[in-house]
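Colleague: My structure is below; once you've seen it, I'll send some questions.
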Amino acid sequence: EDQVTQSPEALRLQEGESSSLNCSYTVSGLRGLFWYRQDPGKGPEFLFTLYSAGEEKEKERLKATLTKKESFLHITAPKPEDSATYLCAVQAWDSSYKLIFGSGTRLLVRP
Amino acid sequence: GAVVSQHPSRVICKSGTSVKIECRSLDFQATTMFWYRQFPKQSLMLMATSNEGSKATYEQGVEKDKFLINHASLTLSTLTVTSAHPEDSSFYICSALQGQEQFFGPGTRLTVL
């Protein structure tokens, strides 16, 4: 069964304190792994798609990496406005483009 | 690009009434859209896949007669919650598929009294 597990469940950082969020997955043929950011009461905002092991993508203070078993979202020198829930999702080749989501990591960055 | 809207953003209705939620892709055409619901502090749960011009595909455990989906054009899908009850209160989110990526709407908060 395809599955996505995110850790930690919640993370508190001081402004400027870099850290990483983990997304472990098992899937029957990975088509893509997706990272989204969700603010309270809003829909998820697309961040990255990763397709193959070894791939990396960056956007401002965020960098996503992918291996055959997990993905990391690295946050460098975070700011309070980076506070949000970060969702990881996988898409399998035989899934008709459906996404399987992890439970998310709630990030709080204190000034 | 890849902007998806939902309407309404919030709706309060009485038990037993029906509520329609619209999902529109504003700057691209989407033959496939998805409907999710999300409970507080939980992740997104896929309800159904909406395909333009054909019947929706529902996930296991989702009542197709209660959650009616219509995808009549390449930019619009609607979700109608029929005979709503308090347990249907939730945050409903749609997404539209562009390439392999899903872009999400802002969500609709449904409260059934």
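What follows is calculated from the coordinates using simple rules that are stated; it is not laboratory data. Everything numeric in this text was worked out from a predicted model, so none of it was measured. Reconstructed Cβ throughout: ideal geometry from the backbone, glycine too, with neighbour counts over all protein chains shown.
Colleague: Taking chain B as a Gaussian network, Cα atoms linked when under 10 Å apart, which of B:Thr32, B:Thr17, B:Thr49 shows the biggest mean-square fluctuation?
Modeller: Maximum fluctuation in the GNM of chain B, among the listed residues, is at B:Thr17.
Colleague: If you wrap the range B:9-71's Cα atoms in a convex hull and average its projection over all directions, what's the area in nm²?
Modeller: Values: hull surface 22.3 nm².
For the Cα atoms of the range B:9-71, the hull's average projected area reads 5.6 nm².
Colleague: With just the Cα atoms defining each centre, how far is the range B:19-66 from the range B:85-113? Give it in Å.
Modeller: The distance from the Cα centre of the range B:19-66 to that of the range B:85-113 comes to 7 Å.
Colleague: Where does chain A land on Rg/Rh, using Cα atoms and the Kirkwood Rh?
Modeller: Result for chain A is an Rg/Rh of 0.96.
Colleague: Taking every residue in B:93-102, how many Cβ atoms of other protein chains lie within 10 Å of its Cβ, on average?
Modeller: Working: counts 4, 1, 6, 0, 4, 1, 3, 7, 8, 9.
The per-residue average across the peptide is 4.
Colleague: What residue among B:Glu22, B:Glu63, B:Glu52 has the largest mean-square fluctuation in a Gaussian network model of chain B, using Cα springs under 10 Å?
Modeller: Its mean-square fluctuation being the largest, the pick is B:Glu63.
Colleague: Ranking B:Met33, B:Met47 by Cβ neighbours within 10 Å, fewest first, what do you get? Numbers along the way, then the final one.
Modeller: Working: B:Met33 30, B:Met47 24.
Going from least to most buried by this count: B:Met47, B:Met33.
Colleague: Let me ask you something else. Over all directions, what mean area does the Cα convex hull of chain B project, stated in square nanometres? Kindly include the intermediate steps, with their values, before the conclusion.
Modeller: Details: hull surface 26.5 nm².
Taking the Cα atoms of chain B, their convex hull projects to 6.6 nm² on average.
Colleague: For chain B, give me every cysteine whose Cβ has no other Cys Cβ within less than 4.7 Å, ordered by residue number.
Modeller: B:Cys13 - these cysteines have no disulfide-compatible partner (Cβ-Cβ under 4.7 Å) in chain B.
Colleague: For the range B:69-109, what percent of Cα pairs sit more than 17 Å apart? Before the final figure, lay out the partial values.
Modeller: Working: 343 of 820 pairs.
So the portion of pairs separated by more than 17 Å is 42 percent.
Colleague: Over chain B, what is the relative contact order in whole percent, taking alpha-carbon pairs under 8 Å and six or more residues apart?
Modeller: Values: 286 pairs, mean separation 41.8, N = 113.
Worked out over chain B, it gives 37 percent.
Colleague: Sticking with this one: To the nearest 20 debye, what is the magnitude of the charge dipole of chain A about its Cα centre, counting +1 on the Cβ of each Lys and Arg and -1 on the Cβ of each Asp and Glu?
Modeller: Values: 14 positive and 15 negative charges, 13 e Å.
Taking the Cα centre of chain A as origin, the dipole is about 60 debye.
Colleague: Taking amide H positions as placed 1.01 Å from N in the peptide plane, with prolines and chain starts having none, which residues 5 or more places from B:Thr75, or on another chain, fall under 5 Å of its amide H?
Modeller: B:Ala30
Colleague: Kindly state, to the nearest 0.05, the FRET efficiency for A:Ser52 paired with B:Lys14, given R0 = 45 Å and r defined as their beta-carbon distance.
Modeller: Working: r = 51 Å, r/R0 = 1.14.
The value I calculate is 0.30.
Colleague: If packing is taken as the average number of other Cβ atoms within 10 Å across a peptide's residues, how do B:68-76, B:97-105 rank, most packed first? Before the final figure, lay out each step's value.
Modeller: Working: B:68-76: 16.6, B:97-105: 20.2.
So the order, starting with the most tightly packed, is B:97-105, B:68-76.
Colleague: Regarding the protein assembly as shown, what is the average projected area of its C-alpha convex hull, in nm²? Let's see the in-between values first.
Modeller: Working: hull surface 48.4 nm².
Taking a quarter of the hull surface, the average projection is 12.1 nm².
Colleague: Related question: Taking only C-alpha pairs under 8 Å that are 6+ residues apart, what is the relative contact order of chain A in percent? Provide the component values of the computation, followed by the final result.
Modeller: Details: 284 pairs, mean separation 40.9, N = 111.
Relative contact order of chain A: 37 percent.
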